[in-house]
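As structure tokens, the structure follows; a few thoughts come after it.
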Amino acid sequence: MRLILIACGTFSPPTLMHLRMFEIARNHLMERGAFQVIGGIMSPVHDAQRKPGLVAGTHRLAMLRLALRTSNWIRVSDWELQQPQWTPTVDVLQYHKDCINNVMKEKVEGRRDSVLPEWLPAEVTQREDEVHVRFLAGADLLATFADTQLWTNEEVETMCSYGLVVISRFGSNPEKFIFESDVLSKYSRNIELVTNWSTNNLSSTLVRRLLKRDS
Ligand SMILES: Nc1ncnc2c1ncn2[C@@H]1O[C@H](COP(=O)(O)OP(=O)(O)OP(=O)(O)O)[C@@H](O)[C@H]1O
Ligand SMILES: NC(=O)c1ccc[n+]([C@@H]2O[C@H](COP(=O)(O)O)[C@@H](O)[C@H]2O)c1
């Protein structure tokens, strides 16, 4: 099964752990044998999210591009930043999935109408079998699914239908969290939990704090 992993987040700033998250997920899925991870997408959130410490999207995009210079499979998508306002994550997944399907359809029909986006892996058009999109997140983001102020039940269901790949994070207990959520339990087969054995509590918040102190 061909798969593209997409991670949405603030990336303010991007850290080594954001990149490690992709590598850990891809290694795990490839070892399982059933998946061929053909690409990774990092989608920085719109400035309208207004989270404290969120630097301007142009800077976050530039930092992500620099961070991903040496990666041959993870790319940045600026689609969220280009929108007039914040986009719910289900729509971000839908947009990228539709775009992949369109490009594949054009290839099958011998057309080349659309300009290929920078985040689209070349492998997409090399075969005709479906490319699945899965949401990649740390366990702390999964935990926010319980907050009905942030996510509706329908959104959580849609996210689970795409499939989730969740990387363990210090202080989070995703197994317990899934068990305690009716929706997540229902879709537990679509949630791939991956243990990060080289635990590292690096976060953008910590980097911002240290930078502010010049340390
Ligand atoms: N150390 C880590 N281990 C596992 N996942 C991580 C780690 N750091 C970030 N992530 C994941 O990366 C994604 C994007 O994170 P985001 O930039 O939104 O927040 P953050 O890195 O936790 O930063 P902040 O400290 O500003 O909240 C999320 O899914 C988050 O769970
Ligand atoms: N309902 C939603 O679609 C929803 C809710 C909360 C966070 N998110 C996304 O999760 C990512 C991380 O956001 P926070 O940094 O606020 O946890 C962002 O990309 C944000 O857009 C989406």
How do the pairs read when you match residues in the stretch 123-147 that are among the acidic types (Asp, Glu) with residues anywhere that are within 16 Å of ligand 2 (Cβ to nearest atom), using Cβ under 7 Å and keeping only pairs 6 or more apart or on different chains?
ASP140/ARG169; ASP140/SER172
Just for the stretch 65-82: of the residues that are farther than 15 Å from THR10 by Cα and among the aliphatic types (A, V, I, L, M), which one is farthest from ligand 1 (Cβ to nearest atom)?
LEU66
Do we find a residue being at pLDDT below 95 and of a type in the set (D, E, K, R) anywhere in the stretch 149-164?
no
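Could you say which residue among ALA62, ALA25 is surrounded by fewer than 19 Cβ atoms within 10 Å (Cβ to Cβ) and within 16 Å of ligand 1 (Cβ to nearest atom)?
The conditions single out ALA62.
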Counting only residues that are farther than 13 Å from SER161 by Cβ and surrounded by fewer than 16 Cβ atoms within 10 Å (Cβ to Cβ), how many does the stretch 189-201 have?
6
Give, as residue ranges, the helices (runs of 4 or more DSSP H) completely inside the stretch 128-201 that count at least 1 residues that are touching a strand residue (DSSP E or B) at 6+ places or on another chain (Cβ under 8 Å) and under 17 Å from LEU3 (Cα atoms).
153-162
Unmet criterion (only one of (1) surrounded by fewer than 16 Cβ atoms within 10 Å (Cβ to Cβ); (2) modelled with pLDDT of 95 or more; (3) within 10 Å of ligand 1 (Cβ to nearest atom)) for GLN85
(3)
Taking the stretch 144-167, which residues are surrounded by fewer than 19 Cβ atoms within 10 Å (Cβ to Cβ) and near ligand 1 (Cβ under 10 Å from one of its atoms)?
THR144
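Just to be sure I understand, how many residues within the stretch 1-38 are outside any helix (DSSP H, G or I), free of Cβ contacts under 8 Å to residues at least 60 places away in the same chain and either within 20 Å of LEU120 (Cα to Cα) or among the β-branched types (Val, Ile, Thr) (or both)?
Qualifying residue count for the region: 3.
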Write out, first by first residue and then by second, each pair whose Cβ atoms fall under 6 Å of each other, whose residues are 6+ apart or on separate chains, and whose first residue, in the stretch 47-71, is within 16 Å of ligand 2 (Cβ to nearest atom) while the second is of a type in the set (Lys, Arg).
GLY53/ARG208
Go through the stretch 106-124 and give me each residue that's assigned to a helix (DSSP H, G or I) and either over 24 Å from the mean Cα position of the chain (by Cα) or modelled with pLDDT under 90 (or both).
GLU106, LYS107, VAL108
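The values are calculated or read from the model by the stated rules, or taken from the named source; none is laboratory data. This is a predicted model, so every value here is computed, not measured. Backbone-built Cβ (ideal geometry, glycine too); neighbour counts: all protein chains shown.
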